[in-house]
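These notes are about the structure you will find just below.
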Amino acid sequence: MKNSDGFTIVEVAVTLVVIGIFSIVILMMQTQVSNISVLEVQHTKASYLAYSNMRKYANDSPPTWFECVTPPSSTPSTRAPGSRYLVTGSTGRVDGLPGMVRQEVYASAPYGCLSGTASFGMPIKVESVVEYGLPSSGTGSGRKVVHATYAAF
């Protein structure tokens with residue numbers, strides 16, 4: 001046997017296969033990280049939207065929009081304690097979120113009401129729901145973000 005400098009074709013081929021496998025694994029991981037990043041940005045945008053919708057109703061102003069009676073009745077306390085009703089709702093497209101986006105704000109008086117509107121010291125639960133990634137019909141299963149708070153007046 002004589003000494004030869006360099007690599008054999010088998011060594012070069014094995015090295016190229018190993019490098020190729022590592023490259024594919026790294027590219028797949030990069031794709032996964034990018035997808036997760038996009039999903040997190042969408043979730044954050046939906047969360048900000050839900051929080052903003054909630055704060056429109058749960059602010060420092062008296063809740064003149066809240067009714068403890070079931071329309072068209074004028075009798076106080078006809079709504080069961082804890083029953084929620086839709087304050088506002090819309091379905092449409094929102095920039096930065098995929099598919100159709102359904103935004104809803106619900107209100108309830110978990111401990112009931114003493115008059116036709118919220119009474120001093122009685123908490124009102126304000127719940128904001130944003131569901132995104134819905135098909136064009138606006139129904140179906142998408143990702144959902146919910147923010148809720150209590151406001152006492």
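We did not get these values from a lab; they are worked out from the coordinates using the rules stated. Since we're looking at a predicted model, the values are computed, not measured. Note: ideal-geometry Cβ built from the backbone for every residue, glycine included; neighbour counts use all protein chains shown.
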Residue 9/residue 40 FRET efficiency (R0 35 Å; Cβ-Cβ; nearest 0.05): 0.15
Two-site label geometry, residue 137 and residue 55: point separation in nm, points 7 Å out along Cα→Cβ: 3.6 nm
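Peptides 55-66, 85-96: what's the order by average Cβ count within 10 Å, highest mean first?
55-66, 85-96
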Calculate the FRET efficiency for residue 111 and residue 148 from the Cβ-Cβ distance with a Förster distance of 22 Å, rounded to the nearest 0.05. 0.90
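For every other residue with a beta carbon closer than 11 angstrom to the beta carbon of residue 104, add +1 if it is Lys or Arg and -1 if Asp or Glu, then tell me the sum.
Value of the local net charge: +1.
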What ranking, highest mean first, results for peptides 124-130, 39-45, 10-16, 101-107 when packing means the other Cβ atoms within 10 Å averaged over each residue? 124-130, 101-107, 39-45, 10-16
Length added when fully stretched, residue 86-residue 31, from 0.36 nm per residue minus Cα-Cα: 15.8 nm
